[in-house]
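Derivation of every value follows stated rules applied to the coordinates shown; laboratory data play no part. Not measured: the values here are computed from a predicted model. Cβ: placed from backbone, ideal geometry, glycine included. Neighbour counts: every protein chain shown.
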Amino acid sequence: MVSNKALREITVSLPDDLLNYADQRAKELNTSRSEVISDALSTIRASEDDRRAAEGYQYFAAEASDFANATARMVAESWDEDFSPNMIL
C-alpha cells in the first residue's frame with residue numbers, strides 16, 4: 001500500500017510479461033499499476049532490511065560469545081569459583 005508520502009511520476013520500461021502481470025495484480029487488488037509496483041519494491045526493501053538485521057545480529061552474537069569466552073576465567077576468579085572449561089559458552 002502506497003503511503004501518504006509525496007509521489008513522483010517516473011517512466012519505467014518493463015518486459016511485456018511483467019507489465020501484464022502488474023496489470024493483472026492491479027485488477028485483482030482493485031488498485032493501480034503504480035501501487036502494485038510500489039508494494040513489490042517495498043516488499044523487497046523490507047526483505048533486505050530483515051536480512052541485514054539478521055546478519056548484524058549474527059555478527060554481534062558471535063562477538064558477544066567471543067567476549068564471554070575470553071572473560072570466563074576472570075569472571076569465575078572474581079566470583080572465587082573454580083574455573084572449568086565447561087563454563088565457557
- Message: Which chymotrypsin sites (Phe, Trp or Tyr not before Pro) in segment 37-82 sit in a loop by DSSP (not H, G, I, E or B) and have at most 12 other Cβ atoms within 10 Å of their own Cβ?
- Response: TRP79
- Message: Within 10 Å of each candidate Cβ there may be at most 10 other Cβ atoms; applying that plus a DSSP loop requirement, which GluC sites (Glu not before Pro) in segment 1-76 survive?
- Response: GLU9
